[in-house]
């Protein structure tokens, strides 16, 4: 059997295995979010129109609205969100370590 044929048979199995693990991890994260009572959302700071606290300290922008929409979907309350400032360098580490439950802006499938 050629290497190409082996890979063509092995690749779909590996892809299916990877896809089957994602929902399980998502379920664990969602369970933790529900236990905590709020969504911890990693946001970048100082991006006007995306994620930036206003003069009263309320996060505004598209990313902040996405986080509130997730909180509303999970809890029925858009205010059950905690914003965690991150940088481009720290955001994925924060997600992997469990410091945040989700990321927005150029990031998908994090909850």
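The values are calculated or read from the model by the stated rules, or taken from the named source; none is laboratory data. A quick note: this is a predicted structure, and the numbers were derived from the prediction, not measured. Neighbour counts are summed over all protein chains in view; Cβ atoms, including those assigned to glycine, are modelled from backbone coordinates with ideal geometry.
Kindly list, by first and then second residue, each pair from a residue in the range 39-59 that is on the phi > 0 side of the Ramachandran plot to a residue that is in a loop (DSSP other than H, G, I, E, B) and at pLDDT below 95, limited to pairs with Cβ atoms under 6 Å and residues at least 6 apart or on different chains.
49/61
Exactly one condition in (1) modelled with pLDDT of 95 or more; (2) within 15 Å of the chain's Cα centre (by Cα) is not met by residue 80; state its number.
Answer for residue 80: the failing condition is (2).
Output the residues belonging to the range 67-87 that are in a helix (DSSP H, G or I) and surrounded by 15 or more Cβ atoms within 10 Å (Cβ to Cβ).
From the range 67-87, those in a helix (DSSP H, G or I) are 67-75; that's our starting set.
The answer is 67, 68, 70, 71, 72, 74, 75.
Would you check which residues across the range 88-110 are part of a loop (DSSP other than H, G, I, E, B), in contact with a helix residue (DSSP H, G or I) (Cβ under 9 Å, 6 or more places away or on another chain) and either modelled with pLDDT of 90 or more or exposed (fewer than 13 other Cβ atoms within 10 Å of the Cβ) (or both) and list them?
Step one: list which residues in the range 88-110 are part of a loop (DSSP other than H, G, I, E, B), which gives 88-90, 98-101, 104-110.
With in contact with a helix residue (DSSP H, G or I) (Cβ under 9 Å, 6 or more places away or on another chain) added as a condition, the list becomes 98-101, 104-105, 107, 109-110.
Correct list: 98, 99, 100, 101, 109.
Give the residue, chosen from 72, 55, that is closer than 17 Å to residue 29 by Cα and over 14 Å from the mean Cα position of the chain (by Cα).
The match here is 72.
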